[in-house]
1. Please give the strands (runs of 3 or more DSSP E) falling wholly within region 169-281 in which 2 or more residues are in contact (Cβ under 8 Å) with a residue 12 or more places away in the chain, open to solvent by 70 Å² or more (accessible area, probe 1.4 Å) and in contact with a strand residue (DSSP E or B) (Cβ under 7 Å, 6 or more places away or on another chain).
2. Just to confirm my filter: which strands (runs of 3 or more DSSP E) fall fully inside region 74-163 and include at least 1 residues that are in contact (Cβ under 8 Å) with a residue 40 or more places away in the chain, more than 30 Å from residue 233 (Cα to Cα) and open to solvent by 60 Å² or more (accessible area, probe 1.4 Å)?
3. With the checklist (1) assigned to a loop (DSSP other than H, G, I, E, B); (2) open to solvent by less than 50 Å² (accessible area, probe 1.4 Å) in hand, flag the one item residue 295 doesn't pass.
Amino acid sequence: MAKKTSIAVMLIAALMLSACNFPLFSSSGEQDPDALVTAVAETVQAMNEGPGSNDQQPTTPPAGLPTLTPLPTYTPPAEQGPPAATPLPCNKAQFVSETIPDDTEFASGEAFTKSWTLKNIGTCTWNTNYKLMFISGDAMSGPASVNLVSAVAPNAQVTISVDQIAPTDPGTYTGYWKMQADDDDQFGQVYVRVKTETVFFQVTSVTYYMPHTTIDMGCPGDVAIKGEITTSAAGTATYYWTDNDGGQSATVSLDFDTAEAKIVDYTMNVTASGDHWAKLYIDQPNHQLFGPKDFTVNCTTP
């Protein structure tokens, strides 16, 4: 506004100084002062109103232009409170701990006990009709189920143990178990995973048998001795007997179908009273002496 007023003042001054150059004259040919004032006033008014102020503004858009649709009013979403808590189920278990870590190695046929400690995080008490059920995988000679020995209230813990036996063949074995409620609802899965060691064939022991270790007999005479050979797996063993009198049997081959024990016999000829012994030498696969088996002979004849 101040800028327009300054311009108007400058125009008035210019018009007054150069009035002689404006064609504002009366009919007598003299300059008309009123006409000059009127012209200046109209000029100032036009400057104040701005260009186009007297133009009629259209009320409707020209034909051919699209009609604009007003944007919808934004309404912020209503504030929501915290989500409702999910109700706890009747039967739910939380794993706490276990014995026998995964991939523990056992010898073929070795017995072990796996235990799990579980926490009752449901709303129902586990009574003694609740049990741990074998579901799938390798049972490893375990029972079909193990019942709880006492009730377990919500937030309480219980330890459940299962007796099992490592399989004979080498490998990795896994068994899956679940809790089962008195209405057969199953929940809370646990598992056991063990390895059976790779077992090489060998004789693990020799056990001797004699009816008596002190023998009264006529000499010379024969004494019978039995030896039980136990192996770790299937295979073929070779052996022979030897004794304190320098006797030695022929080498014998003995086949084993699995890890098992077999009994072999030896007859020793005794010629004099005294302390004697006999023992087995396992040539294959051990290259090892087992024994001796000691005994005493009292000759009853000269």
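The values are calculated or read from the model by the stated rules, or taken from the named source; none is laboratory data. This structure is a prediction, so every number in the text was calculated from the model and none was measured. As a convention, Cβ positions derive from the backbone with ideal geometry for all residues, glycine included, and neighbour counts pool all protein chains shown. The protein model used for the area step is the full one, side chains on, heavy atoms only, and it has no ligands, DNA or RNA in it. Shrake-Rupley method; radii C 1.70, N 1.55, O 1.52, S 1.80 Å.
1. Working: elements: 171-180, 186-196, 203-209, 214-217, 221-231, 235-243, 252-256, 261-270.
Those strands (runs of 3 or more DSSP E) span 171-180, 186-196, 203-209, 214-217, 221-231, 252-256, 261-270.
2. Because the criterion is at least 1 residues that are in contact (Cβ under 8 Å) with a residue 40 or more places away in the chain, more than 30 Å from residue 233 (Cα to Cα) and open to solvent by 60 Å² or more (accessible area, probe 1.4 Å), the strands (runs of 3 or more DSSP E) in region 74-163 that meet it are 93-98, 131-137.
3. (1)
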